[in-house]
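Notes to accompany the following structure.
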Amino acid sequence: MTSYKTIKEAATAEFVERKSRFIGHIAPVKTEEEAQAFVAKISKEHWNATHNVYAYVIREGQISRCSDNGEPQGTAGVPTLDVLQKEGLTDVCVVVTRYFGGILLGTGGLVRAYSHGAKIAVDAAHVMHMAPCIRMTVRCEYGFYGKLTYLLPDYQIRVEDSVFAEDVTLTLIIRKDRYEPFEKALTELSNGQVSPVVADTFFDDMP
């Protein structure tokens with residue numbers, strides 16, 4: 001399980017270059033089918049656009065694809081894909097729509113325009129740093145609760161749930177690589193009286 005970067009939700013941004021309108025669309029996708037469905041959706045919405053260039057990167061199977069969609073070879077799809085790769089993003093699909101404005105941009109101009117269209121779409125999205133995380137429960141007496149809450153920020157632990165009954169039970173989320181140091185610190189702080197119980201391991205947005 002290794003960390004990766006993706007986006008939380010779809011986003012759109014646009015700009016005009018020498019009268020051509022470029023619209024960058026980005027969306028999170030888990031499979032190649034989802035990516036192709038997003039491309040089809042944007043292409044349908046912008047059916048009268050001159051080009052709907054796309055690129056996507058899928059973590060499962062390490063898939064990366066792109067298309068110039070009628071632009072000169074290598075001037076659109078590859079620059080769009082290159083932005084995703086340089087940003088280190090995966091499980092994402094970008095479509096850059098172009099409405100031709102009547103002025104030719106040239107090879108270099110197209111590369112810059114499609115790169116910019118992809119980049120502003122990425123910048124408009126909320127990037128998530130997905131890391132292997134552990135969900136755990138910690139049960140303690142009320143007298144220890146204050147000490148425990150002071151310890152949590154040191155390990156950037158997120159409180160998912162709190163139950164106050166005869167004692168306190170917290171459900172906590174921690175990055176996997178911080179778990180062992182936290183467990184050791186908790187054991188020392190409680191003189192071995194309080195220990196975390198691991199519930200499950202999963203990916204979550206936790207830098």
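Here are the numbers for this structure:
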{"read-out": "Extreme residue, farthest from the chain's Cα centre (by Cα), among residues of the range 94-134 that are small (G, A, S) and part of a loop (DSSP other than H, G, I, E, B)", "value": "G102"}
{"read-out": "Subset of the range 135-183 (residues that are in a helix (DSSP H, G or I), farther than 18 Å from V198 by Cα and among the charged types (D, E, K, R))", "value": "K147, D154"}
{"read-out": "Residue match in the range 168-177 (condition: among the polar types (S, T, N, Q), touching a residue at least 60 places away in the same chain (Cβ under 8 Å), open to solvent by less than 80 Å² (accessible area, probe 1.4 Å) and under 21 Å from T201 (Cβ atoms))", "value": "no"}
{"read-out": "Residue check, P72 buried (at least 21 other Cβ atoms within 10 Å of the Cβ), under 18 Å from F100 (Cβ atoms) and out of contact with any strand residue (DSSP E or B) (no Cβ under 8 Å at 6 or more places or on another chain)", "value": "no"}
{"read-out": "Which numbered condition D161 misses (of (1) open to solvent by less than 70 Å² (accessible area, probe 1.4 Å); (2) within 14 Å of M136 (Cα to Cα))", "value": "(1)"}
{"read-out": "Residue list for the range 142-176, restricted to those being under 28 Å from the mean Cα position of the chain (by Cα) and acidic (D, E)", "value": "D154, E160, D161"}
{"read-out": "Residues satisfying the stated conditions in the range 49-68, i.e. free of Cβ contacts under 8 Å to residues at least 24 places away in the same chain and open to solvent by 70 Å² or more (accessible area, probe 1.4 Å)", "value": "Q62"}
{"read-out": "Any chance L84 is open to solvent by less than 60 Å² (accessible area, probe 1.4 Å), outside any strand (DSSP E or B) and of a type in the set (A, V, I, L, M, F, W, C)", "value": "yes"}
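The values are calculated or read from the model by the stated rules, or taken from the named source; none is laboratory data. Please read these numbers as outputs of a predicted model, since none were measured by experiment. Cβ: placed from backbone, ideal geometry, glycine included. Neighbour counts: every protein chain shown. Just the protein is used for accessible areas: all its heavy atoms, side chains included, with ligands, DNA and RNA removed. Shrake-Rupley method; radii C 1.70, N 1.55, O 1.52, S 1.80 Å.
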